[in-house]
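Structure, as structure tokens:
Nothing in this text is a laboratory measurement; each read-out follows from the coordinates by a stated rule. The structure presented is a predicted model; accordingly, all values stated were derived computationally and were not measured. Virtual Cβ from ideal backbone geometry, glycine too; neighbours counted across all protein chains shown.
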Amino acid sequence: MSGDVVLTHGRVATMQGALIDDGAVVITGDRITWVGSSGDRPSAASSGGSANVIDLEGRLVTPGLVDCHTHIVFGGDRVDEFERRLAGESYDAIHRSGGGIASTVAATRRATDDELLATAADRARQLKAHGATTIEIKSGYGLDVETELRMLRIARQVEQIAGLRVHVTFLGAHTVPAEFRDEPDRYVDLVCDDMLPAVAREGLADSVDAFCDTIAFDRGQTERILRRAKDLGLPVRVHADQLSAIGGAELAASLGALSADHLEHASRVGLRAMADAGVVAVLIPGPSLIDADAPRPNVSVMRDVGVRMAVATDANPGTSPLLSLPLAMTVACTRFGLTVDEAWQGATTNAAAALGSAGGVIAPGVPADLAIWNATRPAEVIYWMGADLCDRVVIGGVVQ
Ligand SMILES: [Zn+2]
């Protein structure tokens with residue numbers, strides 16, 4: 001291994017205290033080994049090798065962004081549907097003509113592995129170009145054993161092809177497929193008895209998610225799926241209380257989930273239980289860009305009860321075709337009322353926690369995943385809406 005990588009003369013936002021105005025970060029191998037003022041950095045000679053010193057010329061350096069909720073593996077797209085909605089057609093009419101999630105499920109089942117991988121990797125590269133060094137990818141558009149497992153394998157391959165870290169989540173319980181519409185419990189049986197054991201046996205997923213809502217799985221069905229996942233040794237998360245308050249937040253707390261996501265209708269009691277259980281609240285601002293009337297989570301109650309808040313793109317072909325986490329941070333601030341600090345914590349430290357990781361900070365001992373920005377302070381990245389300010393990223397000590 002060659003010598004250290006030293007980033008000097010940057011503005012370093014460690015996510016653990018004040019911005020370091022003229023800061024340096026020393027990387028040895030794949031880890032951060034030192035962070036502080038440029039003038040105080042240990043001499044390169046002490047590393048025993050020739051250090052690669054990179055002068056950041058005053059640029060901002062932050063932890064690499066963590067997008068902890070995406071659905072970027074899918075076949076087809078919903079561009080036509082988007083256009084029809086903008087032209088005034090109703091959701092109902094679009095659904096009756098085979099649109100919505102059912103069309104994505106059909107297109108995903110039809111797509112080849114190569115098609116699914118190429119399109120997912122392109123989307124991952126977009127997220128990375130906007131500063132993400134870790135992303136989560138869910139299955140959930142297969143809804144049969146074969147296609148769900150195929151989606152998970154493809155999500156895992158995105159890591160190599162797009163060159164960033166991927167946390168894979170099994171979301172077989174995304175919605176009840178058409179062929180089980182009259183017998184949803186039989187689909188829950190399939191998830192619990194066939195899909196989950198295969199996922200665990202083959203190590204295909206890092207966590208398991210389920211959509212707990214009136215249009216998806218009720219609280220009892222969700223609990224059955226997620227308890228089975230836990231019995232198989234897999235951490236869990238929940239799409240919770242998005243369309244109505246059916247106790248998803250409370251369920252996430254009682255299961256000790258890593259995260260509960262959406263939460264637009266979550267109760268104060270549920271959010272407090274999440275705070276007590278250490279469950280991260282993942283906020284999803286993307287739908288607010290499509291629909292000005294989209295419900296918003298109650299951030300002031302979240303703050304009040306002390307639940308940790310993360311921000312994610314929820315990149316998906318229907319409600320949130322959003323491939324920039326900084327833009328999601330902007331909308332979380334402007335529409336949901338987060339402060340700049342909360343949005344940054346939400347896309348770094350708290351998002352990492354939602355994936356069960358202690359990363360998302362710049363500190364000795366942590367994997368060297370960083371984003372370098374053509375900006376001088378964190379607020380600027382949120383202020384320039386939709387801009388491409390990411391200069392480059394560092395992943396596992398490799399400057400890209
Ligand atoms: Zn989602």
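What the table shows:
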| quantity | calculated |
| --- | --- |
| About the Cα centre, charge dipole magnitude for the range 290-400 (Lys/Arg +1, Asp/Glu -1 at Cβ), debye | 160 |
| His174, His265, His239 arranged by Cβ crowding within 10 Å, fewest neighbours leading | His265, His174, His239 |
| Rounded if a/c under 1.5, otherwise prolate or oblate - the range 74-167, Cα gyration tensor axes | oblate |
| In sequence order, calculated HN-Hα J values of the range 325-331 (Karplus, 6.51, -1.76, 1.60; Hz; x Gly/Pro) | 5, x, 5, 4, 5, 4, 5 |
| Arg392 long-range amide H proximity, modeled H, under 5 Å | Ile372 |
| Kirkwood-type radius of the range 126-205, with distances r between different C-alpha atoms, in Å | 13.4 |
| Listed peptides 255-262, 193-200, 24-31 by packing density, highest first (mean Cβ within 10 Å) | 255-262, 24-31, 193-200 |
| GNM result for the chain, Cα springs below 10 Å: residue of Val361, Val145, Val79 fluctuating most strongly | Val79 |
| The range 17-129: relative contact order in percent, alpha carbon pairs under 8 Å with at least 6 residues between | 20 |
| Per-residue ³J(HN,Hα) for the range 360-375, Karplus 6.51 cos²θ - 1.76 cosθ + 1.60, θ = phi - 60°, Hz, x for Gly and Pro | x, 9, 9, 7, x, x, 8, x, 7, 10, 9, 10, 10, 10, 7, 7 |
| Net charge dipole size for the chain [Lys, Arg +1 and Asp, Glu -1 on Cβ; Debye, nearest 20] | 540 |
| Cα lying deepest toward the dipole's positive end in the chain, options Ser90, Leu164, Ala205, charges on Cβ | Leu164 |
| Whole-number percent relative contact order across the range 279-400, with pairs defined as alpha carbons under 8 Å at least 6 apart | 23 |
| The range 47-105, dipole about Cα centre (Lys/Arg Cβ +1, Asp/Glu Cβ -1), debye to the nearest 20 | 140 |
| Percent of Cα-Cα distances greater than 27 Å, calculated over the chain | 49 |
| Chain lengthening between Asp22 and Arg84 when straightened (0.36 nm per residue, less Cα-Cα) | 17.2 nm |
| Value of relative contact order over the chain, rounded to a whole percent, pairs C-alpha under 8 Å and six or more apart | 19 |
| Helical mean residue ellipticity (222 nm; -39500 (n - 2.57) per DSSP H run of 4+; nearest 500) of the chain | -10500 deg cm²/dmol |
| C-alpha long axis of helix 268-277 to longest principal axis of the chain, angle in ° | 50 |
| ³J(HN,Hα) computed for each position of the range 66-72 - Karplus, 6.51 cos²θ - 1.76 cosθ + 1.60, integer Hz, glycine/proline x | 10, 9, 8, 7, 9, 10, 8 |
| Cα-projected label distance for Arg201 with Arg153, points at 7 Å along beta-carbon direction, nm | 1.4 |
| Relative counts (whole %) of C-alpha pair distances in the range 191-269, using bins that are 10 Å wide | 21, 52, 23, 3 |
| Pairwise label distance in nanometres, Asp77 with Asp231, each label 7 Å out on the Cα-Cβ vector | 4.3 |
